[in-house]
Amino acid sequence: MNMGIMALVCVLVAGMLLRMPIGFSMLVSGFAYLLVKGQDLGLVAEQVGNGLYNSYVLLAVPLFVFAANIMNAGTVSERIFDFCRILVGRMRGGLAQVDILVSVIFSGMSGSAIADAAGPGLVTIRQMLKKPEYTRGFAGAVVVASATLGPIIPPSIPMVIYALVSGASVGALFLGGVVPGFLMAVLMMVVVHVIATRRNMPREEPVPMREWPSILFRGALPLSMPIVLLGGIYSGVFTPTEAAAVAALHALILAGVVYRALTWRTFWGVVMESTRGSAVITLILAGSFMLNYAFTAEGVPQAMAQWVESMHLGQVPFLLLVNVMFLVLGCFLDVSVLLLVFVPMLLPAAKLLGIDLVHFGVLVVLNMMIGLIHPPFGMLLFVTKALPGIPIGEMMKEGWPFLVMLLLLLLAITLYPPIVLWLPQTMGYQTQ
């Protein structure tokens with residue numbers, strides 16, 4: 001490690017310890033690298049400008065953020081909740097089962113775990129806390145676990161960012177997340193059923209039959225979004241990036257025109273919130289371009305590939321090593337940092353071993369979702385703590401069965417790639 005990389009790492013770590021916004025920390029560390037190497041500081045503007053304005057796929061990120069915020073502001077979560085209550089509410093632990101099914105549906109519209117927890121998650125957690133049989137920890141654990149479905153079931157903001165750094169097909173990545181996402185949902189529902197049976201949780205009161213038609217009609221409308229998005233992408237009507245614009249327009253029409261749940265004031269609030277969220281992501285992207293320039297200039301990705309080759313690692317041992325690395329780093333670092341800084345360093349080694357980039361991408365994103373639900377970083381834990389005020393310790397005590405289930409699924413996807421690749425290959429994707 002030469003002085004340039006040492007200066008970059010030291011400044012980056014210092015910025016994070018001082019709680020500087022991660023995007024600024026990355027940019028400042030890039031400046032430090034250039035100063036130590038004696039290079040022109042104008043390279044920062046060049047790298048950031050080229051990275052941001054030559055990436056058409058990046059347009060999808062703010063549009064998916066906008067669509068998720070529109071859905072959360074437009075009473076869509078409540079309507080989906082009522083729809084799912086008819087389908088699974090009569091099962092033991094019915095409200096917890098409803099939350100998982102709501103997350104499956106909302107995942108097909110938002111692409112964000114945080115949006116899932118803050119929107120439909122908040123609706124269902126309030127309903128569960130009204131019932132004495134649902135402890136605070138259990139209610140929070142279910143919401144936190146089910147929110148991880150957001151970036152796995154398409155569309156997915158992390159997969160769009162992964163496609164940016166890897167060059168993998170966004171459409172194939174979206175399809176690759178379908179089977180793992182539904183497996184996650186089914187396994188979560190099994191976990192809830194086992195816990196509810198052991199605790200003898202009562203069944204929910206049935207919804208009167210006379211209310212079914214109106215509830216089903218209102219709740220079924222949001223289901224059209226994932227059908228429109230995936231149908232449009234794979235019929236060739238629009239690209240995955242254009243699908244994000246379609247998603248935003250679909251959400252706006254649904255919440256503003258059909259449901260009439262958006263006032264001008266609410267709409268302006270959604271625009272401002274989406275702008276802030278997109279700006280944060282853009283700042284992190286800008287910093288990552290600078291870091292990636294430094295790592296590439298110093299040959300770090302190539303050195304990583306050579307190290308893997310010298311170790312004579314096969315595909316499975318390498319992927320297991322990647323899993324361990326991301327599970328550990330996920331305790332401390334944000335998803336965006338892991339995607340934009342560490343994934344590019346591992347890609348040459350993955351390509352050298354012949355690992356399909358779609359399989360690798362879904363595996364990496366699932367790792368990062370697991371990182372969102374365990375401390376000390378655990379962003380989903382902090383979101384759920386901040387909204388309904390459930391202590392993190394209580395959620396962790398009740399959430400370990402979900403964490404174990406996700407780890408077992410991660411192992412299965414690692415050992416058996418067809419779980420990810422079967423659907424993309426069925427739709428014409430050629431493995432790399």
- Item | Karplus-derived HN-Hα couplings along the range 107-122 (A = 6.51, B = -1.76, C = 1.60, θ = phi - 60°), whole Hz, x at Gly and Pro | 4, x, 10, 9, x, 9, 5, 5, 5, 5, 5, 7, x, x, x, 5
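Give the Kirkwood hydrodynamic radius (Å, one decimal) of the range 330-432, defined as one over the mean of 1/r across all pairs of different Cα atoms. Mind showing how you got there, number by number?
Numbers: mean 1/r = 0.0652 Å⁻¹.
The answer is 15.3 Å.
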- Item | Dipole in debye (nearest 20) - the range 11-165, about Cα centre, beta carbon charges: Lys, Arg +1; Asp, Glu -1 | 620
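Given a Förster radius of 35 Å and the C-beta distance between Val57 and Leu183 as r, what FRET efficiency does 1/(1 + (r/R0)^6) yield to the nearest 0.05? Could the numbers behind the result be given before it?
Details: r = 27 Å, r/R0 = 0.77.
After rounding, the FRET efficiency stands at 0.85.
Report the local net charge at Pro202: Lys and Arg +1, Asp and Glu -1, summed over other residues whose C-beta lies under 11 Å from its C-beta.
Working: positive: Arg90, Arg92, Lys131, Arg199, Arg203; negative: Glu133, Glu204, Glu205.
So the surrounding residues net to +2.
With the other protein chains left in place, how much accessible area per residue, in square angstrom, belongs to the chain at a 1.4 angstrom probe? Each step should come with its number before you reach the end.
Numbers: 18160 Å² over 432 residues.
Averaged over the residues of the chain, the accessible area is 42 Å².
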- Task: Kindly provide the pair-distance distribution of the range 62-213 built from C-alpha pairs, with 10 Å bins from 0 and whole-percent values in order of increasing distance.
- Result: 12, 40, 32, 13, 3, 0
- Task: Treating the Cα atoms of the range 387-432 as identical point scatterers in vacuum, please give the log10 of the normalised Debye intensity I(q)/I(0) at q = 0.14, 0.18, 0.19 Å⁻¹, two decimals.
- Result: -0.56, -0.67, -0.70
- Semi-axes of the range 226-318's equivalent ellipsoid from the Cα gyration tensor, sqrt of 5 times each eigenvalue, largest first, rounded to whole Å? 42, 21, 11
- R0 of 60 Å, Cβ-Cβ distance Met6-Thr266: FRET efficiency to nearest 0.05: 0.75
- Item | Extended-chain gain in nm, criterion 0.36 nm per residue less alpha-carbon gap, Thr282 and Ser310 | 6.4 nm
- Message: Under a crude label model (7 Å from the Cα following the beta-carbon direction), how far is Val324 from Met209 in nanometres?
- Response: 5.9
- Task: May I ask you to derive the FRET efficiency for Phe238 and Lys131 from their Cβ-Cβ distance with R0 = 35 Å, giving the value to the nearest 0.05?
- Result: 0.20
- Shape parameters for the range 254-400, alpha-carbon atoms, Rg then Dmax in Å: 19.6, 62
- Query: Between the helical axis of 60-73 and the dominant principal axis of the chain, each derived from Cα atoms, what acute angle in degrees is found, rounded to the nearest 10?
  - Reply: 30
- Note on the structure: The simple spin-label model distance between Ile227 and Leu41, using points 7 Å out along Cα→Cβ, in nm, is 5.7
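Quick one: how many lysine pairs does the chain have with C-alpha atoms less than 24 Å apart and a gap of 8 or more or different chains? Give me the count, please. It would help to have the intermediate numbers written out before the result.
On the way: Lys130/Lys385; Lys130/Lys397; Lys131/Lys385; Lys131/Lys397; Lys385/Lys397.
Close lysine pairs under the 24 Å cut-off: 5.
What does the convex hull of the Cα atoms of the chain come to per residue, in Å³, rounded to a whole number? Present the calculation step by step, with values, prior to reporting the outcome.
Details: hull volume 61.4 nm³, N = 432.
It is 142 Å³ per residue.
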- Task: Would you calculate, for the chain, the mean residue ellipticity at 222 nm contributed by helices, counting each DSSP H stretch of 4 or more residues as -39,500 (n - 2.57) and dividing by all residues, to the nearest 500?
- Result: -23500 deg cm²/dmol
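Using only the Cα atoms, what convex hull volume per residue in Å³ does the range 1-151 have? Numbers along the way, then the final one.
Working: hull volume 22.6 nm³, N = 151.
Taking the convex hull of the Cα positions in the range 1-151, it is 150 Å³ per residue.
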- Tilt relative to the chain, helix 315-329 - C-alpha long axis, 0 to 90 degrees, to 10: 80
- Task: Normalise the Cα radius of gyration of the range 1-87 by 2.2 N^0.38 Å (N = residues in it) and let me know the number.
- Result: 1.74
- Query: Does anything in the range 14-49 have its amide N under 14 Å from the 7 Å Cα→Cβ label point of Ala297, and if so which residues?
  - Reply: 27-48
- Note on the structure: Helix 3-17 sits off the longest principal axis of the Cα atoms of the chain, rounded to the nearest 10 on a 0 to 90 degree scale, by 30
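When Lys and Arg each count +1 and Asp and Glu each count -1, what net charge do the other residues less than 12 Å away from Ala261, Cβ to Cβ, add up to? Walk me through the numbers before you get to the answer.
Values: positive: Arg79, Arg218, Arg260; negative: Glu78.
My count for the surroundings of Ala261 gives +2.
Under 15 Å from the Cβ of Pro301, count the other residues' Cβ atoms, weight Lys and Arg +1, Asp and Glu -1, and hand me the total.
For residues surrounding Pro301, the net value is -1.
Highest mean first, what order results for 238-249, 192-203 on Cβ atoms within 10 Å?
Working: 238-249: 20.0, 192-203: 15.3.
Ranking the peptides 238-249, 192-203 by packing returns 238-249, 192-203.
Using the Cα centre of the chain as the reference point, and only Cβ charges (+1 on K/R, -1 on D/E), how large is the resulting charge dipole? Debye, rounded to the nearest 20. Numbers along the way, then the final one.
Values: 21 positive and 18 negative charges, 242 e Å.
The dipole of the chain has a size of about 1160 debye.
The values are calculated or read from the model by the stated rules, or taken from the named source; none is laboratory data. Predicted model only: the values in this text are computed from it and were never measured. Glycine also receives a Cβ, built like all others from the backbone with ideal geometry; neighbour counts cover every protein chain displayed. Remember, those area values only see protein heavy atoms, side chains included, never the ligands or the DNA or RNA. Shrake-Rupley method; radii C 1.70, N 1.55, O 1.52, S 1.80 Å.
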